[in-house]
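Below is one structure, written out as structure tokens; comments come after it.
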Amino acid sequence: MTVLERSSVLSKETALVILARGKADLKKYGVTGEQAVFVKNAFALERKVIPFRCGGQFVIVVAKPLKSDKNQLKELIRRAGACLVTLFNDEKVDSITIADSDDNTDHLMAFAEGILLGNYQFLTYKVKDKAKESNALRRVILYSKGVKEQGLERLRILTEATAIARDLVNEPVSTLNAVELSRQFQRLGKEAGFRVEVLNKAKITALKMGGLLGVNKGSSTPPTFTVMEYKPARPRNKKPIVLVGKGVVYDTGGYNLKTGAGMETMKCDMAGAAAVGATLWAIAKAKLPVHVIGLVPATDNKIGGDAYVAGDVLTMYNGLTVEMLNTDAEGRLILADALAYGEQYNPEIILEFSTLTGAAMAAIGHYGIVCMGTVDARTKTKLRNSGDQVHERLAEFPFWDEYDELLKSDVAELKNIGGPMGGAITAGKFLANFVKSPFMHFDIAGPAFLTAKDGYRPKGGTGVGVRLLFDYLSNY
Ligand code: BES
Ligand code: ZN
Ligand code: ZN
């Protein structure tokens, strides 16, 4: 982990990174008049990153992006921060002091956030080359009088929580099956201070969670159902907020087998679960005054002699019957049980995160999160604002009654696929049959896992959902 500190004096011991506007007075950072002219000329040539030596110190001036929209500007600053990581590696920079020429605390924090999130690496399996491939940066100091310790601590927690979620997603199924995923949640609970209970297969069977058991039938690993609870002394909410995360540790599609290309990224199918676990870790660490319960149904979706097949009928935890017409629409089956199970807590709202449909990814790509549901307009606005703040933007899809028609089955109460139209929506509609409380479904299939790096989001698991949820819960 990169160490994050603040200081109101400029250190000569670290490299100095200044986020600066064209007109900025650089002399206050010890930059000589000649060098300031050099920077001005470089800006005129539209150079955005200007490294030079000043006395014994390595200085990097970064052109501060321009944008009138507050959130878009913050995002450009995060991205500017992330793009410096390669330069730090090339120049073997291990500690930096960062400054903003406007002394804008929000901007400096966004810059630090981009640097920290962009500095993430998954090196667990780089045994031979670990040292060589490891990023150089270890320490970031914010030069500021405005940054408060609490803000800094939240940034530490949030960037670490994002890394926790990314690590979980990047871990392959051979080392992170359903049982191991539940152990990881137990570890997180111990570390941050929240309660974790893992229901094993016997308990899941006794509870008659037909969806989770059905998907698990083809697996050689038992399913798990993890219940996490963070309850502070004086929570702001009377009724708990329930978070649900899809924990399909690997999705082959089952007998409706995916193609080779379709399967390549499917270790990411527990990204919703990772977001929920990492969020509980973060809010417990930050001691947010909110009562939150996290539920994660987990299994892989594989083939085997006993695996479920198209045409099977499953009886779900809430008693509804489902005609299984496609074994690759497995996420909604395990989530249905978890959502129905969540009702016992009499929740204020249920927020559910899942890599649920290729249709959501096809619709908006990896640029945002598809969402839909029944929470009130005020909650939707709050969620949307949080999404804009952290740039995990929400695109709300319609949730009209007509879509329910597409899920009617001839032999059971529901079928698990809705046909070629509105695939992301019929998936969400399917889930709505299992909840009574106000609920919101977040389909993160697009942004959960990238096949190429994008700014501070690495190739692989992105940790999407953690920053959104943390922002929402910290404003609750
Ligand atoms: N896990 C997939 C969805 C997915 C696709 C996530 C791509 C991330 C990237 C999900 O279980 C699935 O296979 N959904 C099917 C549903 C269909 C059979 C109705 C899909 O989207 O094709
Ligand atoms: Zn699937
Ligand atoms: Zn899936």
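The values are calculated or read from the model by the stated rules, or taken from the named source; none is laboratory data. Note that the coordinates shown come from a computational prediction; the quantities given were computed from them, not determined experimentally. Glycine also receives a Cβ, built like all others from the backbone with ideal geometry; neighbour counts cover every protein chain displayed. Note: areas computed on protein heavy atoms with side chains; ligands, DNA, RNA excluded. Shrake-Rupley method; radii C 1.70, N 1.55, O 1.52, S 1.80 Å.
Quick look at the numbers
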{"read-out": "Point-charge dipole on Cβ atoms (K/R +1, D/E -1) for the range 365-476, about Cα centre, debye to 20", "value": "480"}
{"read-out": "Cα Rg over Rh - the range 1-150, Kirkwood", "value": "0.97"}
{"read-out": "Cross-link reach list, lysines versus Lys459, counting only Cα pairs under 18 Å and skipping chain neighbours closer than eight places", "value": "Lys126, Lys130, Lys267"}
{"read-out": "log10 of Debye I(q)/I(0), alpha-carbon scatterers only, for the range 411-453 at 0.18, 0.22, 0.27, 0.30 Å⁻¹", "value": "-0.67, -0.86, -1.03, -1.11"}
{"read-out": "Listed residues Val296, Val49 arranged by accessible area, highest first, probe 1.4 Å", "value": "Val49, Val296"}
{"read-out": "Residues of type aspartates and glutamates that Lys239 reaches as a straight line, Cα spacing below 14 Å, ignoring anything fewer than 8 places off in the same chain", "value": "Glu229, Glu343, Glu348"}
{"read-out": "Cβ-Cβ FRET estimate between Lys70 and Ser7, R0 fixed at 25 Å, reported to 0.05", "value": "0.40"}
{"read-out": "Where Arg154, Arg53, Arg467 fall by accessible area, highest first, once all protein chains stay in place (1.4 Å)", "value": "Arg53, Arg154, Arg467"}
{"read-out": "Directionally averaged shadow of the chain, computed from the convex hull of its alpha-carbon atoms, nm²", "value": "23.3"}
{"read-out": "Accessible area, probe 1.4 Å, largest first, for residues Tyr143, Tyr317, Tyr456", "value": "Tyr317, Tyr143, Tyr456"}
{"read-out": "As computed over the range 337-476, the Cα convex hull volume per residue (Å³)", "value": "116"}
{"read-out": "Anchor Lys27: lysines whose Cα lies under 28 Å away (excluding residues fewer than 8 positions away in-chain)", "value": "Lys12, Lys40, Lys48, Lys64, Lys67, Lys70, Lys74, Lys92, Lys145, Lys148"}
{"read-out": "Beta bridges by DSSP in the range 51-192, antiparallel share as percent, to the nearest 5", "value": "50"}
{"read-out": "C-alpha center-to-center spacing [the range 19-90, the range 232-263] in angstrom", "value": "41"}
{"read-out": "Debye equation applied to the C-alpha atoms of the range 24-80, log10 I(q)/I(0) at 0.15, 0.19 Å⁻¹", "value": "-0.50, -0.73"}
{"read-out": "Inverse mean reciprocal Cα-Cα distance (Kirkwood Rh) of the range 115-262, Å", "value": "18.9"}
{"read-out": "For the range 331-476: relative contact order, % (alpha-carbon pairs under 8 angstrom, 6 or more apart)", "value": "37"}
{"read-out": "Net length gained if the chain between Asp401 and Ala261 were fully extended (0.36 nm per residue, minus Cα distance)", "value": "46.9 nm"}
{"read-out": "The range 168-281 - percent relative contact order, Cα under 8 Å, separation 6 or more", "value": "36"}
